[in-house]
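One structure below.
The values are calculated or read from the model by the stated rules, or taken from the named source; none is laboratory data. Being a predicted model, the structure only gives us computed values, none of them experimental. Note: ideal-geometry Cβ built from the backbone for every residue, glycine included; neighbour counts use all protein chains shown. Note: areas computed on protein heavy atoms with side chains; ligands, DNA, RNA excluded. Shrake-Rupley method; radii C 1.70, N 1.55, O 1.52, S 1.80 Å.
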Amino acid sequence: LQKILIFLHVTTCVVIGKTLMILFPNTMKRYILKLGEKSRMNQNPKFSYDNWGPTFFSFKYLLFVLKVKWKRLEDEAHEGCPAPNTPVVTCNGEIRHLFDFMQDNRPLVLNFGSCT
């Protein structure tokens, strides 16, 4: 049921976004550029709007967003339920899974930090 709701929501957003890009191209370009500012996409001089702007609200965009959102459903943790076996990156850049670090009956503690 959650996947169907996500599919309907994302599809509706893509259809509306594509329609607005056709009807109001300049306004949508400004909107997409603002999104680029938030994600810092526009700080790379070799990555201009013409490279990535038109891909918004395309069929490939729809498939990518659905894939990411559906994958995140599998990674959600809920109180009282088993933890998801999500991928994690070690300090040396190796990709492992959470359960790879479990040992016997010992609790597993994850410590997250930020340098910002």
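A Cβ distance below 6 Å, combined with a sequence gap of six or more or placement on separate chains, defines the contacts here; from segment 53-75, residues that are closer than 14 Å to Gly17 by Cα reach residues that are open to solvent by less than 30 Å² (accessible area, probe 1.4 Å) in the pairs Gly53/Ile32; Phe56/Ile32; Phe57/Val14; Phe57/Gly17; Leu62/Val14; Val65/Val10. Candidates in segment 18-40 are the residues that are among the aliphatic types (A, V, I, L, M) and closer than 13 Å to Phe56 by Cα; of these, the one that is surrounded by the fewest Cβ atoms within 10 Å (Cβ to Cβ) is Ile22. Looking at segment 44-61, which of the residues that are part of a helix (DSSP H, G or I) and more than 19 Å from Tyr31 (Cβ to Cβ) is least open to solvent (accessible area, probe 1.4 Å)? Only one residue fits best here, namely Phe59. When each of Phe64, Phe112, Phe99 is tested for being modelled with pLDDT of 85 or more, open to solvent by 100 Å² or more (accessible area, probe 1.4 Å) and not β-branched (Val, Ile, Thr), the lone residue that passes is Phe64. Inside segment 25-52, residues that are modelled with pLDDT of 85 or more and in contact with a helix residue (DSSP H, G or I) (Cβ under 9 Å, 6 or more places away or on another chain) make up a count of 4. Report whether or not Lys38 is within 20 Å of Val68 (Cα to Cα) and either touching a Leu at 6+ places or on another chain (Cβ under 6 Å) or outside any loop (DSSP other than H, G, I, E, B) (or both). Yes; evaluated as a whole, the condition is true for this residue.
Of the residues making up segment 67-89, those that are assigned to a helix (DSSP H, G or I) and open to solvent by 70 Å² or more (accessible area, probe 1.4 Å) are Lys67, Lys69, Trp70, Lys71, Arg72, Glu74.
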